[in-house]
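The block underneath contains the structure these notes are about, expressed in structure tokens.
Nothing in this text is a laboratory measurement; each read-out follows from the coordinates by a stated rule. The model shown is predicted, which means the values in this text are computed figures rather than measured ones. Cβ sites come from the backbone with ideal geometry, for glycine too, and all protein chains shown count toward neighbours.
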């Protein structure tokens, strides 16, 4: 059982620790462990405070076990979009439905808190079929492919998939 809530400044250290753990896993998240610093998480909070959303999942022992965030571009013409979506789920909680639950709560919160937002964007490694399946199950659609965009831990390159979720009724079928 987990509780989902908005992230607070008190969560910063736990978010750094979580992201570092997930970064150690092949295909865990885009950043390497060395790139996940206190300054990086401070920057996330600064961006989220201005124009974004960050939720966390807390387990029964009060441990932060998952985090999801996305933000606006900061340009008026893209004010209807949340982009850069990142989700990190503690390795011990992967495959147990926590990520899906957090994702659903995130999309519900977007619809309630950001009535102007009709689109949420993310990128995924083309080889990460488990995540891609999750994204599809939540209503995300693949919209593009960027060849050799992602460099893997072993130095090889792979395609990055561009995916988006669109709020029901948004754009009126355009």
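Within the stretch 75-113, restricting attention to residues that are more than 30 Å from residue 60 (Cβ to Cβ) and out of contact with any helix residue (DSSP H, G or I) (no Cβ under 9 Å at 6 or more places or on another chain), the residue that is surrounded by the most Cβ atoms within 10 Å (Cβ to Cβ) is 81. The residue that is surrounded by the fewest Cβ atoms within 10 Å (Cβ to Cβ), among those in the stretch 159-168 that are in contact with a helix residue (DSSP H, G or I) (Cβ under 9 Å, 6 or more places away or on another chain) and under 15 Å from residue 30 (Cβ atoms), is 163. Within the option set 67, 116, being out of contact with any strand residue (DSSP E or B) (no Cβ under 9 Å at 6 or more places or on another chain) and either closer than 25 Å to residue 8 by Cα or surrounded by 13 or more Cβ atoms within 10 Å (Cβ to Cβ) (or both) holds for one residue only, 116.
If you filter the stretch 114-134 down to residues that are touching a helix residue (DSSP H, G or I) at 6+ places or on another chain (Cβ under 6 Å) and assigned to a loop (DSSP other than H, G, I, E, B), you find that the one that is nearest to residue 169 (Cα to Cα) is 118.
What number of residues in the stretch 135-174 are over 17 Å from residue 68 (Cα atoms) and in a loop (DSSP other than H, G, I, E, B)? Result for the stretch 135-174: 9. Going through (1) surrounded by fewer than 17 Cβ atoms within 10 Å (Cβ to Cβ); (2) in contact (Cβ under 8 Å) with a residue 24 or more places away in the chain; (3) within 17 Å of the chain's Cα centre (by Cα) one by one, residue 43 falls short only on (2).
Determine which member of the set 20, 5 is more than 14 Å from the chain's Cα centre (by Cα) and surrounded by 13 or more Cβ atoms within 10 Å (Cβ to Cβ). Criteria check complete, one pass: 20. Highlighted here are the strands (runs of 3 or more DSSP E) found entirely within the stretch 1-82 that include at least 3 residues which are over 18 Å from residue 96 (Cα atoms): 52-58, 64-71. Of all residues in the stretch 141-158, none are within 15 Å of the chain's Cα centre (by Cα), in contact (Cβ under 8 Å) with a residue 24 or more places away in the chain and buried (at least 16 other Cβ atoms within 10 Å of the Cβ).
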